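Peer 1: Quick one: structure below, then a few questions.
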Amino acid sequence: MKNLVFDTYELDKNATQSYAIPQELLMENAARGMCEFISASLPLHSRLLFLCGSGNNGADCLALARMLAGDFKITLILPLGTKSDLAKLQLRSCEILAQKGLLEIISEDCLSEDCSFEKFSGIVDGLFGAGFKGDFTPQIQALIQKANAQKALKIACDIPSGIDSLGNPRTFNDKPFAFRADFTLSMGALKIGLFSDLAKDFVGEVRLLNLGIPSSLFCPHSVFKLLESQDFKPPLRERQNTHKGTFGHLSVICGTKQGAGILAGLASVRIGAGLTTLIATSSLLNPPYELMQSPNIPSNTTAILIGMGYGRDNPLNFKLLDFNVPLLLDADIFYHTCFLELLKAQNCILTPHPKEFVEILKRTKIAQISLEELQQNRFTYALEFSKNYPNATLLLKGANPIIIQNGSLFINPLGSSILAKGGSGDVLAGFIGGLLAQGYSCLEACIQGSLAHTLSANQIAQTYANFSLSPLDLIEQIRYI
């Protein structure tokens, strides 16, 4: 997993003060990293368009153009001029190269009909960094629209223009709007805003560039982490002298929509729980053979899962806290009268989708906000919840699920829209519950269950159409990852 930060201002400052690397050299190293990426991604002498801003983000772009001049056909557009000292310095170098015919600086209206972007194989965005505030001018908005419409390889310098430090894009015609990159090249450290739900359609593939100092020194620690596929550690059975009880017993409490509980139970079996029992007061119709059924919670239960398909008004006849085992709360239970009591459990996991998390914030009196406000501040409210309930582990579902416990936050960026299907959340709960039953900590069960969920989906998408997923496919696929 990799460290995440909200911004790199203090990290850049520390690199200068503690390691004697001046800002100019950090910029040169950033430009060199981008130069190597572009040189490996496009044929020599390809036409490249650079959209350069007036600050240091634009200066990075200008330094990159200088390095590529001669090997590529470079055109620069500076719609805002230059303001920062480094941008002015880099522009002077580019102007000298322009005089020698090694690059072109457009002076006429870049939005005129005569100024076509179609001839460019690559477009580099360095208009604004994460600190940009306010709205686009009509000219900048039209410029980004024109760039987004091209089929060229689009590369964002540090962060796509229009995305702020929390990962929120601007709006245009009531829709999210920013430069739409194929690749975002992040300098020195990964910014947490690149992995918000709302940024996911704009950042493309995110690559981390070295600034000439080892990452262990530039960004040595952070409580914010980005999960990677290699972080998945399957619950392989290495001990041989075992029995089914060795691998735990998950009790899944069923409610009015029994199918949700069955999906969770099947997922639990597939991820290795030794025993899984569906708790239902009335007989289930044709339950799967591998799942046991009981009206009561067995005494040897090692974890309990409740909420999916349970029903908001369905009474709860069990004193779950008396079992002193980890609880996973999901879906309907967040609206239930017993929710706040269950939240007192020493080992408790919550797996809400955004609308359910809005209800949780309201019920816990942390905040009363709209769904839109939550999505624009997912990290902020996840951290606020964790501050108020440090013993609880939250997995906030979304395009990039957030996992947080006691202020330590993890983001899983590996999911995709293939998972946007009813029942996939029940499978996720089953994966996590099955790991809980086997003795995983709440935090590790969430991390590993979430990775299993997304990695299974990605493998399915490599073979089948991305709209065709069934939750049962996820359960079957887990055996192959």
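Peer 1: Can you find a residue that is assigned to a helix (DSSP H, G or I) and modelled with pLDDT of 90 or more anywhere in the range 270-292?
Peer 2: Yes, the range 270-292 contains at least one residue that is assigned to a helix (DSSP H, G or I) and modelled with pLDDT of 90 or more.
Peer 1: Among (1) within 22 Å of residue 442 (Cα to Cα); (2) modelled with pLDDT under 95; (3) part of a loop (DSSP other than H, G, I, E, B); (4) open to solvent by 10 Å² or more (accessible area, probe 1.4 Å), which single condition is residue 312 missing?
Peer 2: Here residue 312 meets the rest and fails (1).
Peer 1: Pairs only if they're at least six apart or on different chains, beta carbon under 8 angstrom, first in the range 139-156 and in contact (Cβ under 8 Å) with a residue 60 or more places away in the chain and open to solvent by 30 Å² or more (accessible area, probe 1.4 Å), second assigned to a helix (DSSP H, G or I) and not acidic (Asp, Glu); list them, first residue then second.
Peer 2: Matching pairs, first to second residue: 153/41.
Peer 1: Hey, another quick one. Which one of the conditions (1) surrounded by fewer than 24 Cβ atoms within 10 Å (Cβ to Cβ); (2) of a type outside the set (Val, Ile, Thr); (3) at negative phi does residue 161 fail to meet, given that it meets all the rest?
Peer 2: All conditions pass for residue 161, except number (1).
Peer 1: Name the residue, out of 379, 339, that is among the aromatic types (Phe, Trp, Tyr), within 19 Å of residue 227 (Cα to Cα) and in contact with a helix residue (DSSP H, G or I) (Cβ under 8 Å, 6 or more places away or on another chain).
Peer 2: 379
Peer 1: Mind telling me which of the residues 14, 57 ends up being more than 20 Å from residue 96 (Cα to Cα) and either touching a strand residue (DSSP E or B) at 6+ places or on another chain (Cβ under 6 Å) or at pLDDT 95 or above (or both)?
Peer 2: 57
Peer 1: Could you tell me whether residue 245 is surrounded by 15 or more Cβ atoms within 10 Å (Cβ to Cβ) and part of a helix (DSSP H, G or I)?
Peer 2: Answer is no for this residue.
Peer 1: Among the residues of the range 352-367, which ones are over 20 Å from residue 196 (Cα atoms), part of a loop (DSSP other than H, G, I, E, B) and open to solvent by 50 Å² or more (accessible area, probe 1.4 Å)?
Peer 2: 365, the sole residue that qualifies.
Peer 1: I've got another one for you. Quick one: is residue 284 over 24 Å from residue 316 (Cβ atoms), open to solvent by less than 80 Å² (accessible area, probe 1.4 Å) and aliphatic (A, V, I, L, M)? Step through it out loud before you land on a result.
Peer 2: Values: over 24 Å from residue 316 (Cβ atoms): no; open to solvent by less than 80 Å² (accessible area, probe 1.4 Å): yes; aliphatic (A, V, I, L, M): yes.
Taking the combined requirement at face value, the residue does not satisfy it.
Peer 1: Are there strands (runs of 3 or more DSSP E) fully within the range 1-113 with at least 3 residues that are open to solvent by less than 70 Å² (accessible area, probe 1.4 Å)? List them.
Peer 2: Correct list: 2-5, 47-52, 73-77.
Peer 1: What number of residues in the range 167-201 are more than 12 Å from the chain's Cα centre (by Cα) and assigned to a loop (DSSP other than H, G, I, E, B)?
Peer 2: 11
Peer 1: For the range 178-191, what are the residues that are modelled with pLDDT of 95 or more and open to solvent by less than 20 Å² (accessible area, probe 1.4 Å)? Outline the logic, then answer.
Peer 2: First, the residues of the range 178-191 that are modelled with pLDDT of 95 or more: 178-185.
Across the range 178-191, the qualifying residues are 178, 179, 181, 184, 185.
Peer 1: Considering only the range 20-46, state which residues are under 14 Å from residue 217 (Cα atoms) and out of contact with any Gly (no Cβ under 9 Å at 6 or more places or on another chain).
Peer 2: Of everything in the range 20-46, just one residue is under 14 Å from residue 217 (Cα atoms) and out of contact with any Gly (no Cβ under 9 Å at 6 or more places or on another chain), namely 20.
Peer 1: Do we have any residue at all in the range 327-346 that's of a type outside the set (Gly, Ala, Ser), in a loop (DSSP other than H, G, I, E, B), open to solvent by 20 Å² or more (accessible area, probe 1.4 Å) and modelled with pLDDT of 95 or more? Break it down into steps so the answer makes sense when it comes.
Peer 2: The first filter runs over the range 327-346 and keeps only residues of a type outside the set (Gly, Ala, Ser), leaving 327-330, 332-344, 346.
Within this subset, residues satisfying the condition of being in a loop (DSSP other than H, G, I, E, B) are 330, 336-338, 343-344, 346.
Okay, now just the ones that are also open to solvent by 20 Å² or more (accessible area, probe 1.4 Å), so 337-338, 344, 346.
Within this subset, residues satisfying the condition of being modelled with pLDDT of 95 or more are none.
No; the residues of the range 327-346 include none that is of a type outside the set (Gly, Ala, Ser), in a loop (DSSP other than H, G, I, E, B), open to solvent by 20 Å² or more (accessible area, probe 1.4 Å) and modelled with pLDDT of 95 or more.
Peer 1: Quick check on residue 349: is it more than 17 Å from residue 312 (Cβ to Cβ), open to solvent by less than 70 Å² (accessible area, probe 1.4 Å) and either at pLDDT 95 or above or assigned to a helix (DSSP H, G or I) (or both)? Spell out how you get there, then give the answer.
Peer 2: Details: more than 17 Å from residue 312 (Cβ to Cβ): yes; open to solvent by less than 70 Å² (accessible area, probe 1.4 Å): yes; either at pLDDT 95 or above or assigned to a helix (DSSP H, G or I) (or both): yes.
When the stated conditions are applied, residue 349 passes them.
Peer 1: Checking residue 264 against (1) over 19 Å from residue 320 (Cα atoms); (2) in contact with an Asp or Glu (Cβ under 6 Å, 6 or more places away or on another chain); (3) among the hydrophobic types (A, V, I, L, M, F, W, C), which test does it fail?
Peer 2: Tallying (1) over 19 Å from residue 320 (Cα atoms); (2) in contact with an Asp or Glu (Cβ under 6 Å, 6 or more places away or on another chain); (3) among the hydrophobic types (A, V, I, L, M, F, W, C), residue 264 fails exactly one: (1).
Peer 1: Give 276, 301, 256 a once-over and let me know the one that is open to solvent by 30 Å² or more (accessible area, probe 1.4 Å), in contact (Cβ under 8 Å) with a residue 12 or more places away in the chain and of a type in the set (Val, Ile, Thr).
Peer 2: The conditions single out 256.
Peer 1: I'd like to check something: does the range 213-229 contain any residue that is under 30 Å from residue 320 (Cβ atoms), open to solvent by less than 50 Å² (accessible area, probe 1.4 Å) and of a type outside the set (Val, Ile, Thr)? Explain how you work it out, then say what you get.
Peer 2: First, pick out the residues of the range 213-229 that are under 30 Å from residue 320 (Cβ atoms): 227.
The next check asks that each one be open to solvent by less than 50 Å² (accessible area, probe 1.4 Å); those that pass are 227.
Within this subset, residues satisfying the condition of being of a type outside the set (Val, Ile, Thr) are 227.
Scanning the range 213-229, I find at least one residue that is under 30 Å from residue 320 (Cβ atoms), open to solvent by less than 50 Å² (accessible area, probe 1.4 Å) and of a type outside the set (Val, Ile, Thr), so the answer is yes.
The values are calculated or read from the model by the stated rules, or taken from the named source; none is laboratory data. Worth saying up front: this structure is predicted, and the values here are computed from it rather than measured. Methodologically, a virtual Cβ is constructed for each residue, glycine included, from the backbone with ideal geometry; neighbour enumeration extends over all protein chains shown. Quick note on the areas: whole protein, heavy atoms, side chains included, nothing else; ligands and nucleic acids left out. Shrake-Rupley method; radii C 1.70, N 1.55, O 1.52, S 1.80 Å.
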